[in-house]
Each structure stands twice: as C-alpha cells, then as structure tokens.
Amino acid sequence: MSAGGPEILLVEDDEPTRIRLRQYLGRRGYVVRQAATAREALAAWDAHRVDLILLDLGLPDRDGIDVVRRVRRDGTTPIIIVSARGDERDRIAGLEAGADDYVTKPFGIDELQARIRAVLRRAAGPAADTEGRLALGPVVLDVPRRTVAVDGEPVHLTPREYELLKALLSSRGRVVTKARLLRAVWGEAYADESAYLHVYVNRLRRKIAAADRTGTARDLIVAEPGVGYRVADPEDIPPTAV
Ligand code: CA
C-alpha cells in the first residue's frame, strides 16, 4: 500500500474554484491541502511535506510569485502555477522565480493531471527512471504514485518514513547529512533534532527487512557516524530476479 496518494497544496483564493479542484483531485487519489492566501500557503508548506504546490498567482494578501521565491529559498517542492489567459508576464516571472510549470485557466482536469504527473516524475531527480521511480535492489519507490514496494510487494510506510526513504534514494551513493534529512522530512524547525532521525531510520530498516524475502536489502541504509546516512552503492546490491 501507499503512504497515501501524492499530497498537493492547493493555493487558490476563489472558493468555488478551490472546492471544484479539490474534489477533482481527491477523486483521482491525491491528498489535497488548501490555502486561500499566500500566508496560509507558506504556513501549510512549512508544516507539511507536500509533494507539489498548485499555485494561483493572484492572491489577496501577497503576490503568488513571493510564494514561489520563499519556497525556492529553502526547498525543492515542485510548483505548478495557475494563471489566467493574458498573464504571460506573471507566468514568466513565476517560472524565473523557480516554478516548474504552469497551466492556463480555463484548463481541463486531464491536462492538469498530466502536468502534475510530469512534474512529479521530474521531481524524483536524476536517480529516477523515466516513470519517476527510484529503485535500488529490491526496493522501488514510485514518486508519482507515492508507493513503495520491496521484492514487488507493497510496503506500508508512514508519510515521514516515505519522505526519509525518498530523500535517501534520490541521493543514492552520496552521504546525506542529518540536518539535510531533518529539513527534508520534518522541516526547518527540526534541523537539530537528530534523535528523531535515528528512531525513524531504524523503523524504516525494520519495515524493509520484514518485506525483504531475499535479504538483499538488509544493509540498504548505511550510517555515516557523526555525519548522516547514505544508501548503499547500487553496485553492491544485485537487482531482484523477477
Ligand atoms: Ca486568484
């Protein structure tokens, strides 16, 4: 099973539009958080590790472009801008500030879903395959679907465990510092709480080990004492025979 569908922060001040989009996206398996102002958007972004932000640029309190800039200062959360026809200048400013893509109102839900999936695939990073999957030995993490499987069997992870595994797999072969993992999984306020990390890494190891029939994922997550963690080099782990 998944850790819940991909989580989208929907930033839109027009209530009927927001409700309609939330319903559409909810029916397609996305978990939707909502914000009606730039302030609410940034608070929600900081509090939850959403997979993607769908951002209306015309917000009542601040320009949506400020939201893009603020998110990009500390994070890589993918952003799709929603802009009205004729707002080319805003759209370009949004992309230059670091947004990943845009859709123009009015848009169809299928078009929006295609953009969301494309951006999520790209966001999985250079370690991912073209479908947005991060695979290492028997472990496969599917970013657009937000699922994890070991030896082809779905594994239940909590959202934090999922984020932790994603952060490690997307940097595979490289060490990831404790502070970076804490920021990526819990947020800025937790950058010094490395005790959390130890507990979650051990839980994640146990869950993977429990599903790992071949034993090939046993030493997947390696501690680098005093520094952080890395996932074992792919060369060290043979691919699962299917
Ligand atoms: Ca608006």
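The values are calculated or read from the model by the stated rules, or taken from the named source; none is laboratory data. Owing to the predicted nature of the structure, the values given are computational and were not obtained by experimental measurement. Here Cβ is always computed from backbone atoms with ideal geometry, including for glycine, and neighbour counts include all displayed protein chains. Surface areas here come from the heavy atoms of the whole protein model, side chains and all, with no ligands, DNA or RNA. Shrake-Rupley method; radii C 1.70, N 1.55, O 1.52, S 1.80 Å.
Scan the range 70-118 for residues that are of a type in the set (Lys, Arg) and surrounded by 15 or more Cβ atoms within 10 Å (Cβ to Cβ) and jot them down.
Arg70, Arg91, Arg115, Arg117
Would you mind stating whether Ala189 is open to solvent by less than 60 Å² (accessible area, probe 1.4 Å) and part of a helix (DSSP H, G or I)?
no
Here is a list: Ile80, Ile109, Ile92. Which entry is touching an Asp or Glu at 6+ places or on another chain (Cβ under 7 Å) and not charged (D, E, K, R)?
Criteria check complete, one pass: Ile80.
Could you look through the range 119-133, keep only residues that are open to solvent by 30 Å² or more (accessible area, probe 1.4 Å) and in a helix (DSSP H, G or I), and pick out the one that is farthest from Thr76 (Cα to Cα)?
Applying the filter and picking the extreme gives Arg121.
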